[in-house]
Amino acid sequence: MLKRMTICFALVLLVSFICGCNNKPQIEEQVISVPSTILENKENLGDSAIYYVPNETIEAGFLQNLSSFCGNLLVYGFSGDMTDISSSSLEYHIKLINPQTGNEDASLILSGLDLPNIQICGDIFTVTDWGNGKIYLYDKKLNDAGTYQVDCDYNSMYLNNDATKVYVFLPDEGLKVTDLASGETTTIFNNVANLYASNKCGSYVTFSYTDRKTQLDECCALNIETGEISQLPFYGAFYDVKFMNGTWIATSNDNLDEHYIGDENTMKTFKYDNVFSSLEVVSESNTLLLKTYDENGFVEMSLYDIQGKFVSKYENALQGADVQGEFVWSESDNGYFFLMSNLSEKDKLMFWDKGVDVLGKDLSFNAVTEKTLTEDVLSKETYERAKELGNKYGITVLVAEQIDNDYSDYKAKKMLDENQVNIALDVLDEQLRIYPYGFLGQLAYGSVRETEIHLAGKLKNLSQPKGNVNGFTSYSGFFQTRNGKAIIVLDVNEGENLAQYLHHELFHLINEKLSFDAQIRSDALYSEEKWMSLNPEGFEYAENTFELPDELYNEEYDLWFIDMYARTFSKEDRATIMQCAMLGDYNMFVAAPHRQAKLKYLNRCIRDAFDTNGWPKQTVWEKTLKQSKL
């Protein structure tokens, strides 16, 4: 699961362009370094570590965010009719508040901004408008220090730490860097799709993309000073990735309450059951902020060091309230300033005193390692056979107690009958060998890296409504993706008939690959629109398997569809077509030109989306089509 990879831009031209000269000015750390006398009026809110700090400017009433700039508190946000974000009446207010006096030392009002983003670059304050590509620079007193224009149409862009270069993330073009003085632009990361920035963490900006060549999703971190790109050293389906001081933090796409933290050598995870949570890095000292929300909208915030050791917590946050902007560290006060925003009240300046002792527990991490498969029920020979079969075809085959019981919308009983399992292994070997060599290895796409086949017992669909059902109530297989894996679960009670369900579910995976490929390649043959054109005029799929409308039983539709199940979803139609084609059941296509047209289209799409080097001139599914026309 761990992988080590750092992408460096070694070309001399690019290095000199991105880095410039080595005599960089020292970047001023954005902290409060002198005692904040505004804390003399702080009020405890019943939580011994958290204080409310009254301030008229903060409580002015417009939507605000908090940061720090040259030792001052910086508040900013829109003012105006927030129900119409396109309104020209919206003004963007920026104010510097002196932490000693609490007074407003400087202010700025901007209008005409579309999608502003604030970034502090040493002693330069910047506003980058992601909507139109304009960049505004200001000095310590918020005086105009320059305006620039770059090519950016609702894309993320970030300046380097001395505001001389800007990185623009273009979803389908790549990562570009522009020298603001010369206007010269260079593409430093291309041949990608779906390129999106995630978070700015100190001198790093994390981002995700799809490699057009491999069609795999990746997460990386760009060092905006050096131009170096570091790749996330572990894979899975993640979002909201963060990186600072060599530490990665990511949240699972499959479970938003499951968080991962690690470096290039180790990875660990922790999970909060039945509670929505988020994990953030709040300072360059690698302090972790964990926010958890209950069903009523109450939030609890806790601070930990990078190892998960408890530091402090805030239990009494208001219902519906949340933090706006950044946590601003005050070195002399040993705590954080932050804004607490609640839609029913004015924003409030708060102070979190780390020096106050608060009881709490350390985070309980679990090491993330390769899953150890037990072999406690069946004979050693059967487990070894399943393992060898998986290695033979580049997949993983799990049996007996190795499979799960719960699969999101399904439950599966474990099949402990050794004879039944071995019959299923016979079927797998016999059927998987008819796919072209290396075919299964090409099924990786997006965040999906591996394929697993689980040989289970009886399956139950948990989505099935109670009472009478006018549809399908029994299932012999299903397909799902989870944690970077494509999982096919089969009921081995089907015995020799397991073959049709194997091909059916396997085509669901192939279909996902075709669909993903069509998102990446503009000239891909596969499209849902084209498929729909192969159906009878006016036909609509049921879009469920439990309640089938009467019009679906129209006998004229038999010319287009293999069976009733094929009329539930377009994906089930395709899987049923290919299930028959893989079994060589050409009789299902004889004298059925509409079914032939569907199979022919799928054959062309597969050839188009896959690397066919080494394939036979005619695959099994293509042979079925040819035989049906004889």
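The table below gives the values:
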read-out	value
Output for the range 481-494, where each listed residue is part of a helix (DSSP H, G or I) and open to solvent by less than 10 Å² (accessible area, probe 1.4 Å)	Val492
Count of residues meeting criterion [in a loop (DSSP other than H, G, I, E, B) and modelled with pLDDT of 85 or more] in the range 344-364	11
Set Lys361, Lys371: member being open to solvent by 80 Å² or more (accessible area, probe 1.4 Å), touching a strand residue (DSSP E or B) at 6+ places or on another chain (Cβ under 8 Å) and closer than 30 Å to Ser277 by Cα	Lys361
Residue among Ser332, Ser341 that alone is at pLDDT 85 or above and open to solvent by less than 90 Å² (accessible area, probe 1.4 Å)	Ser332
Residues satisfying the stated conditions in the range 424-475, i.e. open to solvent by less than 50 Å² (accessible area, probe 1.4 Å), farther than 28 Å from Asn253 by Cβ and assigned to a helix (DSSP H, G or I)	Ala424, Leu425, Val427, Leu428, Asp429, Gln431, Leu432
Single unsatisfied condition, Lys380 versus (1) within 30 Å of Gln215 (Cβ to Cβ); (2) open to solvent by 20 Å² or more (accessible area, probe 1.4 Å)	(1)
Members of the range 19-58 that are farther than 23 Å from Val358 by Cβ, polar (S, T, N, Q) and modelled with pLDDT under 85	Asn22, Asn23, Gln26, Gln30, Ser33
Restricting the range 219-257 to residues that are surrounded by fewer than 20 Cβ atoms within 10 Å (Cβ to Cβ) and of a type in the set (D, E, K, R), the residue that is nearest to the chain's Cα centre (by Cα)	Asp240
Members of the range 385-404 that are open to solvent by less than 70 Å² (accessible area, probe 1.4 Å) and either assigned to a helix (DSSP H, G or I) or farther than 11 Å from Leu455 by Cβ (or both)	Ala386, Leu389, Gly390, Tyr393, Gly394, Ile395, Thr396, Ala400, Glu401, Gln402, Asp404
Answer from Ser86, Ser67 - the residue that is modelled with pLDDT under 70, under 30 Å from the mean Cα position of the chain (by Cα) and not β-branched (Val, Ile, Thr)	Ser86
Helices (runs of 4 or more DSSP H) wholly inside the range 519-630 that include at least 2 residues being modelled with pLDDT of 95 or more and open to solvent by 70 Å² or more (accessible area, probe 1.4 Å)	528-533, 593-609, 620-628
Single match in Leu514, Leu498 (criterion: of a type in the set (A, V, I, L, M, F, W, C), touching a Cys at 6+ places or on another chain (Cβ under 9 Å) and not in a loop (DSSP other than H, G, I, E, B))	Leu514
Test: residue in the range 120-141 that is at pLDDT below 95, part of a loop (DSSP other than H, G, I, E, B), in contact with a Lys or Arg (Cβ under 9 Å, 6 or more places away or on another chain) and within 19 Å of Gly325 (Cβ to Cβ)	no
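The values are calculated or read from the model by the stated rules, or taken from the named source; none is laboratory data. These numbers come from a predicted model, not from an experiment. Every residue, glycine among them, receives a Cβ derived from its backbone with ideal geometry; neighbour counts consider all protein chains shown. The protein model used for the area step is the full one, side chains on, heavy atoms only, and it has no ligands, DNA or RNA in it. Shrake-Rupley method; radii C 1.70, N 1.55, O 1.52, S 1.80 Å.
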